[in-house]
Each structure stands twice: as C-alpha cells, then as structure tokens.
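Structure, as structure tokens:
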Amino acid sequence: MAAWEALDAFLAGTSKAFVTPIAIFVQIQGCVICLTLAVGWCFAAFVRNRVIRRMKHNIEGGNPFAFICEDINDLEHSAQLNLPRVSVVMPLKGFGEHNLQNWRSQITSLYGGPVEFIFVVESTDDPAYNAVSLLISEFKDNIDAKVVIAGLSTTCSQKIHNQLVGVERMHKDSKYVLFLDDDVRLHPGSIGALTAEMEKNPEIFIQTGYPLDLPSGSLGSYCIYEYHMPCSMGFATGGKTFFLWGGCMMMHAEDFRKDLYGIVSGLQDGGYSDDMTLAAIAGQYKRLISSPPVAVFPHPLASDLSFSRYWNYLRKQTFVLESYVSRVNWLMNRALFSSHCYLSWGFVWPYFMAMIHVATALRAPYSERLSTEVSDSSCGLLLAGCLLVCTLIELTSMWNLTKVEIQLCNILSPEGPRVSLGSYNWGLVFLAMLVDNFLYPISAMRSHFSQSINWSGIRYYLKDGKINKIERLKENGSNYTDLGGKHLYRKMICPPKTSFLSSLSRSLVQWRQPKKYDS
C-alpha cells in the first residue's frame with residue numbers, strides 16, 4: 001500500500017509539473033522536431049523517387065543499361081575511350097562477414113574508363129591482407145588491383161595514414177581519386193556516375209554519397225540505422241550539400257599532388273577524421289561538396305553487432321566533434337555539439353512527459369488523489385495525443401524514405417543481392433530512436449572530457465583538436481574492427497560463382513587494355 005501511495009504522490013507531482021508553460025513548450029517542441037524530421041525525409045524521398053522514375057523511363061525508352069548511364073550512347077566505344085582514369089583507394093582494417101561481398105562489388109565496377117584499385121592495410125598481419133589478396137588472385141589479370149602495406153601511423157589516424165599512402169601509390173595519370181570504406185557496397189555504375197558528375201562540373205571539390213543501413217535485428221544495429229537517417233536528408237539534395245561521408249569521397253587527384261589548401265598536411269598533421277577535416281577545408285575555402293541522388297549504397301550491418309559495440313561506435317561519432325583543424329572548424333564543431341545535444345534530449349523528454357500523463361490517467365480511477373490531477377491535466381493528455389500523431393507521421397515518413405532508397409538500390413544493382421523492407425522491425429526502430437537520442441548527449445560529454453577513444457584496438461588522444469598520442473592495445477581491442485566492432489573472421493573464403501556483371505566487368509577491362517591481354 002505504501003508503494004502505491006508513493007507512486008501516486010510521484011505521479012501527482014510530476015503530472016502537475018508537466019503542465020507548466022515551460023513543460024508545455026518542451027512537449028510542443030518535441031512535436032515540432034518529429035514533424036521537421038518527417039518533412040525532411042519526405043523531401044529526400046522525393047529526390048530519390050525522381051531518379052527512380054527517370055531510370056524507369058529510360059529503360060522503357062530502350063536503354064536496358066539505365067542503371068549504368070542515362071544515355072545509352074555514352075556506352076559507345078568512342079565515348080568510353082575518353083573517360084578519365086580513376087584510382088580507387090580503400091583503407092582496410094580487419095575482416096568482417098560482409099567485407100568480401102563489399103570488396104567484390106567495388107572491383108567489379110562497370111566503369112568503362114581506366115581504373116585501378118588500391119587496397120591499403122597497415123601490415124600483412126591484418127586479417128584483411130590474406131582475404132583481399134585471395135580475392136585479387138581470383139580475378140588475376142582481369143583487373144588492375146594491388147595491396148599496399150602502409151605501416152603504422154604515428155601522426156594521424158590509421159585510416160587517414162592508409163588513405164595518404166594509397167594516394168602516393170596511385171597512377172601518375174589518374175584524374176580522380178575515390179576513397180571507399182570497406183563497408184561500402186557499390187553499384188555497378190557508381191564509379192561512372194560519380195565521375196560523370198565531376199566531369200560535368202569541374203567546380204566540385206568533393207563528390208560524396210551515403211549508406212542505407214540494413215539492420216541485422218539487434219537493438220544496436222537499429223540504433224545505428226536511426227542515427228544515420230536524419231543525416232540522410234543532407235545527402236539527398238541531388239547536388240550541393242554541406243555534408244560529407246568519409247565512406248565515399250571522390251576528389252581531384254591533382255589536389256593531393258599539389259597539397260591544395262593544405263589537404264594533405266591537414267590530414268597528416270594530427271588528423272583524426274577524414275571527412276570532418278575535408279569538410280572543414282571545403283567550408284573554409286568555399287569549395288563545392290556534391291552528392292548525386294544515385295549515390296546511396298546498401299550497408300548491411302554485422303549480425304553480431306551488440307549494444308556495447310553500438311555504444312563504442314556512438315562514442316567514435318561524438319569524438320569526431322573534438323577534432324578540428326582551425327578556429328572556424330572548432331566553432332562549427334561546438335555548434336554541432338550543442339545543437340545535437342539539445343535536440344536529442346528535446347526529442348526524448350516529451351515522450352517521458354507523455355508517459356507520465358498517460359500513467360496518471362490510467363492510475364486515476366484507483367486513486368482519489370490522482371482523480372483531481374487528471375481533470376487538471378487534460379492539457380497533458382492532449383499533448384500526449386499530439387505527440388503520438390506526430391510520431392506516427394515521422395515513422396511513416398521514415399518508412400517511406402527507406403522504401404524508396406531500397407527500391408533505388410535494387411534498380412542500381414539489378415543482379416546484386418535484393419534488399420527488402422520486410423526485414424525492418426519498426427517497433428525496434430522507435431525504441432532505437434529513444435535510446436540513441438538519450439545516449440547521444442552522454443556520449444558527447446564523455447568524449448569532450450576524456451579527449452580519447454579506443455577504436456579498432458588503437459587508442460587516440462587529442463590535444464588542441466589534433467592527435468598527439470597513439471597507443472596500440474594488445475588485448476581484446478585488436479579482435480574487432482569498424483562500425484561497432486564487427487568480429488574478425490579468419491576462416492578461408494571460397495570464391496563464389498561469377499555473375500554476369502562480373503563477367504561484363506572483366507570484358508570491359510580487357511577491352512580497355514588489349515595489349516595487356518594480347519601479350
């Protein structure tokens with residue numbers, strides 16, 4: 001009985017506090033945040049849908065290769081001969097369950113121009129070394145690919161170190177360099193689409209894209225999916241954007257050769273995050289970042305992605321805001337830090353308030369003390385109802401954008417693994433929204449005060465926004481790699497059957513380099 005009385009007292013006090021003007025403002029703000037997200041996702045879905053309609057129109061118009069290029073005349077021999085050389089640099093760390101399929105999608109691109117693939121590992125002891133070497137040997141001389149040993153980084157993150165070593169080893173005639181993460185699953189026409197945009201608009205400084213997360217079923221995987229979805233709006237503009245994703249970045253190779261705007265020195269001198277550093281340089285010098293609407297890539301998350309690994313991934317994402325290359329970059333990061341923390345808890349608190357209002361209403365028939373509170377807090381129940389409606393609108397918009405992006409991915413990869421919306425659990429999506437937004441400010445504050453992060457078995461320490469100390473751990477940290485710690489699989493990989501697109505890709509390479517195969 002005493003427990004019920006204590007509960008009634010708590011509900012009476014909190015429900016009364018949650019109908020004050022400030023509390024009402026917080027609850028209305030939560031509804032506004034939900035509707036703002038819904039509108040943003042609707043706009044992103046519209047942009048992606050427009051591409052789908054255009055591709056279907058091209059297919060109906062007699063272009064069965066619309067997933068590679070809009071105009072079938074671009075596949076003519078004369079047009080393909082003029083395509084620029086591209087160097088694809090892929091920094092690797094460890095070997096996860098989806099890596100082999102991702103790498104295969106990268107090297108079997110149907111880009112008709114000269115292209116080389118440079119896989120960069122820190123040492124031959126990395127499990128990725130044997131796995132990617134086996135994959136390259138499967139294709140033998142049909143592709144221009146090599147594995148480069150970068151050694152250990154001493155002044156920047158290992159990923160950035162691997163990227164810069166890859167740039168040093170790229171072909172002298174390469175016009176563009178494309179950086180890809182090992183968890184990017186390319187479409188057959190992705191390299192061609194990115195290159196076409198760069199050729200169309202030479203003012204583009206960086207061409208980027210964004211992943212479509214495919215949750216594995218765990219709460220941690222849904223938290224990562226939910227974390228990425230708001231950012232997807234900034235990558236669905238169909239052109240100019242202020243956002244940059246390090247998993248896919250195409251740049252002018254000459255910019256690295258000349259160290260334009262200090263991009264090489266900026267990354268090398270204490271750089272922790274490649275995309276945040278380059279985005280800051282682009283903003284400082286008012287250079288264009290662009291994201292074509294077809295640059296959305298399926299991103300299957302690890303099946304063993306536990307909640308603790310998600311937490312480590314979130315810590316890495318918030319730690320990024322502690323690194324900077326200039327005063328302006330620092331101010332931008334502080335603004336992102338403050339606004340994200342405010343909006344995250346601004347999103348979560350209204351649900352807690354709504355829960356109190358509903359609990360008070362449900363308990364009221366059994367408590368004389370709460371019966372008067374319910375009549376006085378009808379405004380709270382009304383706000384809870386509004387929040388419910390706004391949440392359903394938000395989830396519907398999120399579902400629609402995911403559906404559109406899945407449809408686009410399936411069209412862009414007609415022979416690839418089919419992506420399905422049916423595997424998504426929308427109850428877990430909603431729970432992940434609450435969990436992720438609640439934890440973000442906690443992670444951000446911890447990153448701010450610790451100034452260090454353990455990522456893939458390496459602990460980085462920051463000072464004045466730059467890495468000033470690197471520790472390589474020999475314990476459990478070395479057993480995991482990117483995105484929440486995908487487990488490293490050391491088993492032997494059996495080469496799968498060759499698909500039609502893989503065969504076509506080999507034919508294109510042979511056609512581009514006849515002397516190599518005639519000798």
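Here are the numbers:
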{"read-out": "Those residues of region 109-153 which are out of contact with any strand residue (DSSP E or B) (no Cβ under 8 Å at 6 or more places or on another chain) and among the aliphatic types (A, V, I, L, M), in sequence order", "value": "L110, A131, L134, L135"}
{"read-out": "Residues that are in a helix (DSSP H, G or I) and of a type in the set (D, E), drawn from region 66-95", "value": "D74"}
{"read-out": "Residue count for region 20-60, restricted to those that are within 23 Å of G416 (Cα to Cα) and of a type in the set (G, A, S)", "value": "1"}
{"read-out": "Within region 298-357, considering residues that are outside any helix (DSSP H, G or I) and among the hydrophobic types (A, V, I, L, M, F, W, C), the one farthest from L401 (Cα to Cα)", "value": "V325"}
{"read-out": "Any hit, region 10-17, residues being under 30 Å from Y227 (Cβ atoms) and either open to solvent by 80 Å² or more (accessible area, probe 1.4 Å) or not in a strand (DSSP E or B) (or both)", "value": "yes"}
{"read-out": "Residues of region 38-65 satisfying the condition of being open to solvent by 20 Å² or more (accessible area, probe 1.4 Å) and either in a loop (DSSP other than H, G, I, E, B) or within 15 Å of G192 (Cα to Cα) (or both)", "value": "G61, G62, P64, F65"}
{"read-out": "The one condition in (1) over 30 Å from V51 (Cα atoms); (2) in contact with a Lys or Arg (Cβ under 6 Å, 6 or more places away or on another chain) that F297 fails to fulfil", "value": "(1)"}
{"read-out": "Residues of region 230-258 that turn out to be at pLDDT 95 or above and part of a helix (DSSP H, G or I), as a count", "value": "5"}
{"read-out": "Number of positions in region 285-297 that are in a strand (DSSP E or B) and within 11 Å of C248 (Cβ to Cβ)", "value": "2"}
{"read-out": "Of all residues making up region 441-467, the number that are open to solvent by 50 Å² or more (accessible area, probe 1.4 Å) and either of a type in the set (A, V, I, L, M, F, W, C) or in contact with a Ser or Thr (Cβ under 9 Å, 6 or more places away or on another chain) (or both)", "value": "8"}
{"read-out": "Selection within region 280-315 - closer than 22 Å to M233 by Cα and open to solvent by 50 Å² or more (accessible area, probe 1.4 Å)", "value": "K286, R287"}
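The values are calculated or read from the model by the stated rules, or taken from the named source; none is laboratory data. As the structure is a prediction and not an experimental result, all values here were calculated from the model. Glycine also receives a Cβ, built like all others from the backbone with ideal geometry; neighbour counts cover every protein chain displayed. Each accessible area value is taken on the protein alone, full model and side chains, heavy atoms only, with ligands, DNA and RNA left out. Shrake-Rupley method; radii C 1.70, N 1.55, O 1.52, S 1.80 Å.
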